[in-house]
Amino acid sequence: PTSEEKMNEVKLTGAFERGVEMSKIERSGKTLDLAMGSLSYNVKRSDREVTMWIDVECVGDKAQTLADVPQNISVTITGELRRAAWKDKITDEWKHRHFIYYRDHEMIDTYEGEQAPPVAAEDDIPF
């Protein structure tokens, strides 16, 4: 990422409990892939832990990569924080939501409840 992109770089670790969904959208006369999912993550409060959710989206070439992230596996998502705004057609009020625009990810777990095995260094291989 460029230094400008790093100013808005977000890394958040959580899990896609409901998976990531793929769809198609039209932009500038082109049909593009759209991947959307809600990443759950835990926040510690003074006396308890609370589960929070944030949407993660990607349009274009990396959409399938995001959609391939397994459900219920810990993953660190890297991207940028964005804000979408629109005018509600019924109330005529402006609405908005924040989301992470996906850039990359790193798997934390290989399967539920267990850490990913360490990667052997080249000098650790016995042959």
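Every number here is computed from the coordinates shown, using simple stated rules; none is lab data. Small disclaimer: the values here were computed from a predicted structure and weren't measured. Note that each Cβ is placed from the backbone with ideal geometry, even for glycine, and that neighbours are counted across all protein chains shown.
A DSSP coil position with no more than 16 other Cβ atoms inside 10 Å describes the following trypsin sites (Lys or Arg not before Pro) in the stretch 20-58: Arg45, Arg48. Scalar couplings 3J(HN,Hα) for the stretch 23-36, obtained by applying the Karplus form with A = 6.51, B = -1.76, C = 1.60 to θ = phi - 60°, are 8, 10, 9, 9, 9, 6, x, 10, 9, 10, 6, 10, 10, 9 Hz; x denotes Gly and Pro. Beyond a 27 Å Cα-Cα separation, which of these cross-linked pairs lie in this structure: Lys11/Lys62; Lys30/Lys87; Lys24/Lys44? Lys24/Lys44, as the Cα separations exceed 27 Å there.
Within the stretch 1-87, none of the GluC sites (Glu not before Pro) combine a DSSP coil assignment with at most 10 other C-beta atoms in a 10 angstrom radius. The Stokes-Einstein estimate for the stretch 38-80, based on a Kirkwood radius over Cα pairs and taken at 25 °C with 0.890 mPa s viscosity, is a diffusion coefficient of 202 µm²/s. Give the calculated FRET efficiency between Arg48 and Thr13 to the nearest 0.05, with a Förster radius of 22 Å applied to their Cβ-Cβ distance. Step by step, r from the Cβ atoms, then E = 0.70. With no solvent and one point per C-alpha, what does the Debye sum give as log10 I(q)/I(0) for the stretch 5-53 at q = 0.32 Å⁻¹? Reported log10 I(q)/I(0), two decimals: -1.05.
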